[in-house]
Amino acid sequence: MQFAPLYPLIHKLLKPAFPQCLWAGAAATKTIALTFDDGPHPLHTPYLLEVLDHYQIQASFFWLGVCVDRSPEVAQAIWQRGHWIGLHGYHHRSFTLLSPQELQQSLLQTQTAIANACQLDLAAVQQQIRDVRPPNGFFTPQILRWLEQWQYRPVMWSVVPEDWVRPGVAVAAERVLNQTQAGSIIVLHDGYCGGEDVAQIAAEIIPRLLDEGYQFVTVDELWQCRCTAPTVGPTAGPPTAPTEATIHSAASTRSSKSDWS
């Protein structure tokens, strides 16, 4: 059974109830964020990167640590292009089933996998890669309190085409196009469930959204538009601590572009 029609209602109910989460950006400008969960995948993600390269889109990827460990070269390719990176847990296991110690360890394991795959300093990754999206969108108020205590930023969504059940490229794309508005956070999947179609869906929606005047930004840019946006990383750190550019932006200078048509 598909629940795609219910997600706009769920978003409408949960957004005001949990304002500490990033559910969408500001509606004043036509900026939107294209996000991908459950990767990186050795087959699906490279095709997706070709599409993003072609349209010069900066996206946001919420990684599973186990997939980073399995496909470090794909993770590094994403990072080198300057895409924004977030955490989705080490395994795709609901945060509601984890103790606080298990949850904290899951996030740390994912950060460690990222540091190893992208050849980064773990301390820098721990300071800068702190956006978290719970698997399946499941969380509790207590989980949000833990994330805040550990200085993570919870990121949710506003457009969910339910691509993981593979309703078809045309159906998933039309759901995105019908629901997208200024500030939307679109979530697609480049992992083992739904990733088979992700490049085609992206290739369908990106040019049409660009034609409608939307500008693609990262979730970090949406956070920055919130007047009360929590900061990434500790409020104080050593003078030599890397900046966000070290982790997310400087890599774009080594970006390699692929032809796509």
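Every read-out reported here was derived from the displayed coordinates using simple, explicitly stated rules and does not represent laboratory data. Note that the structure is a prediction, hence the values are computed from the model and not measured. Every residue, glycine among them, receives a Cβ derived from its backbone with ideal geometry; neighbour counts consider all protein chains shown.
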Item checked: Distance between region 166-226 and region 18-61 - C-alpha centres, whole angstrom -> 7
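Just the number: Rg to Rh for region 1-90, Cα atoms, Kirkwood Rh, two decimals.
A ratio of 1.02.
What relative contact order, as a whole-number percentage, does the chain give when Cα pairs under 8 Å and 6 or more residues apart are counted? Walk me through the numbers on the way to the answer.
Details: 492 pairs, mean separation 85.6, N = 261.
Relative CO of the chain lands at 33 percent.
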Next item on the list: Report the charge-dipole magnitude of the chain in Debye, nearest 20, computed about the Cα centre from +1 at each Lys and Arg Cβ and -1 at each Asp and Glu Cβ.
Entry: 640
Notebook entry, point to check: For the pair N116 and R226, how long in nm is the line joining their label points, each one 7 Å along Cα→Cβ?
Noted result: 3.2
Notebook entry, point to check: Taking neighbour Cβ counts within 10 Å as the exposure measure, how do Y47, Y192 sort from fewest upward?
Noted result: Y192, Y47
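Exposure proxy check: R226, R130 ranked by fewest other beta carbons within 10 Å? Write down the numbers at each step before the final one.
On the way: R226 12, R130 21.
So the ranking, lowest neighbour count to highest, is R226, R130.
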Notebook entry, point to check: Ranking L22, L34 by Cβ neighbours within 10 Å, fewest first, what do you get?
Noted result: L22, L34
Margin query: How large is log10 of I(q)/I(0) for the chain at q = 0.07, 0.11 Å⁻¹ when the intensity is taken from the Debye formula with one equal scatterer per alpha-carbon?
Written below: -0.21, -0.54
Next item on the list: Work from the charge dipole of the chain (Cβ charges, +1 for Lys and Arg, -1 for Asp and Glu, about the Cα centre) and give the residue of L107, W146, L177 farthest towards its positive end.
Entry: W146
Next item on the list: Quickly work out the D211-to-A182 label distance, labels modelled 7 Å from Cα along the C-beta direction, and quote it in nm with one decimal.
Entry: 2.3
Next item on the list: Enumerate the amide H contacts of A59 below 5 Å, restricted to partners 5 or more residues apart or on another chain; note that Pro and chain-start residues carry no placed amide H.
Entry: W84
